[in-house]
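Notes follow the structure.
The values are calculated or read from the model by the stated rules, or taken from the named source; none is laboratory data. Values in this document were obtained by computation on a predicted structure and should not be read as measured data. Glycine also receives a Cβ, built like all others from the backbone with ideal geometry; neighbour counts cover every protein chain displayed. Quick note on the areas: whole protein, heavy atoms, side chains included, nothing else; ligands and nucleic acids left out. Shrake-Rupley method; radii C 1.70, N 1.55, O 1.52, S 1.80 Å.
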Amino acid sequence: LMSPGGLPCNPPPWGTLTAVDLATGDVRWEVPLGLSPELPTIPGSVNLGGALTTASGLVFIGAARDPRLRAFDIETGKVLWNGELPASAQATPMTYRAPSGRQLVVVAAGGHTSLRTTMGDAVVAFGLP
């Protein structure tokens, strides 16, 4: 159920990133994911999109209504980095290695009409150190 302003009627956070231990089913950590532009001081946003986990222990995810791609530490859930996008990324990031050997993380930043976010048509790549 959404309010007339487009926000959920239940209390925030409206979206979280959760790490589950697959061997035990226990939640290892859970953090609010993203921000809603109308309420930038309240953590958590409606989320649509998946996460990418790298072999080095990073979790990359957009998914929120704000135009950011974030990298989380897989062990702690701490945000290690975030990069600005031209529109929100309701898409799952991907990674590849460039011919130079550098690893890149790429995400489609297209926005979402139903989430009332800025629309776009960009594919953005970030190089990992």
- Scanning the range 15-37 for residues that are outside any strand (DSSP E or B) and open to solvent by 20 Å² or more (accessible area, probe 1.4 Å), the one nearest to Ser114 (Cα to Cα) turns out to be Pro37
- Task: Working only within the range 94-129, note down all residues that are farther than 21 Å from Leu52 by Cα, open to solvent by 60 Å² or more (accessible area, probe 1.4 Å) and outside any loop (DSSP other than H, G, I, E, B).
- Result: Thr113, Ser114
- Message: Looking for something in contact (Cβ under 8 Å) with a residue 12 or more places away in the chain, in contact with a Gly (Cβ under 7 Å, 6 or more places away or on another chain) and farther than 26 Å from Pro37 by Cβ - is there at least one such residue anywhere in the range 87-105?
- Response: yes
- Query: Looking only at residues in the range 1-58 that are charged (D, E, K, R) and at pLDDT 90 or above, which one is farthest from Ala87 (Cα to Cα)?
  - Reply: Asp26
- Condition set surrounded by 15 or more Cβ atoms within 10 Å (Cβ to Cβ) and not aliphatic (A, V, I, L, M), scope the range 38-49, selection farthest from Thr113 (Cα to Cα): answer is Pro43
- Query: Within the range 51-93, how many residues are under 20 Å from Gly110 (Cβ atoms) and open to solvent by less than 20 Å² (accessible area, probe 1.4 Å)?
  - Reply: 14
